[in-house]
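Since every read-out is calculated from the coordinates, none of them should be taken as a lab result. Because the structure is a prediction, the values reported are computed rather than measured. Here Cβ is always computed from backbone atoms with ideal geometry, including for glycine, and neighbour counts include all displayed protein chains.
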Amino acid sequence: SYTLKVVNGLCESMISAAINATVTGIKNNTNSIKELSIYPNPTEGRLVLDLSLLKTASVGISIYTAEGRELYVKTIAQTRTVYEELQIETFAKGIYIIKINVDEEVYYHKVVKQ
């Protein structure tokens, strides 16, 4: 239950009757990533993803174009570390989004292909 009291300078109004409120929000995820490096950025074709987790988890790696087209997908089951060399030399020059799923958590990272 909450109450409301309006104050404007030295003027105060009465305190309102109790108001019942329902709290809603986004699920509070914990951050499972200990360290994440994606390099070099920008790149000419070879991209390294180096990931260290605080707990054992399934990891999904996807690469998308800026328009949202999926170009690469890989899943690694139950791990605490990931070291992946992503070969994107055949990709056109531009901006790409790397999506990393750690169990139910999702992280995004922008990379530039020169």
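With point charges of +1 on the Cβ of Lys and Arg and -1 on the Cβ of Asp and Glu, referenced to the Cα centre of the range 39-90, which listed residue (Ser62, Ser52, Tyr72) lies farthest in the positive direction of the dipole?
Ser52
What is the range 34-79 by shape, rounded, prolate or oblate, if you read a ≥ b ≥ c off the alpha carbon gyration tensor as root eigenvalues and call it rounded for a/c under 1.5, prolate for a/b larger than b/c, and oblate otherwise?
On the way: a/c = 2.60, a/b = 1.39, b/c = 1.88.
It comes out oblate by the Cα gyration axes.
Cα-based count: Lys pairs in the range 27-114 below 12 Å, eight or more positions apart or different chains?
Total qualifying Lys-Lys pairs in the range 27-114 comes to 4.
Taking H placed 1.01 Å from N in the peptide plane, check which residues at least 5 places from Ile88 or on another chain put their amide H under 5 Å from its amide H.
Long-range HN contacts for Ile88: Arg46, Leu47.
Please identify every one of the GluC sites (Glu not before Pro) in the range 42-114 that sits in a loop by DSSP and has no more than 16 other beta carbons within 10 Å of its own beta carbon.
Glu44, Glu67, Glu89, Glu104
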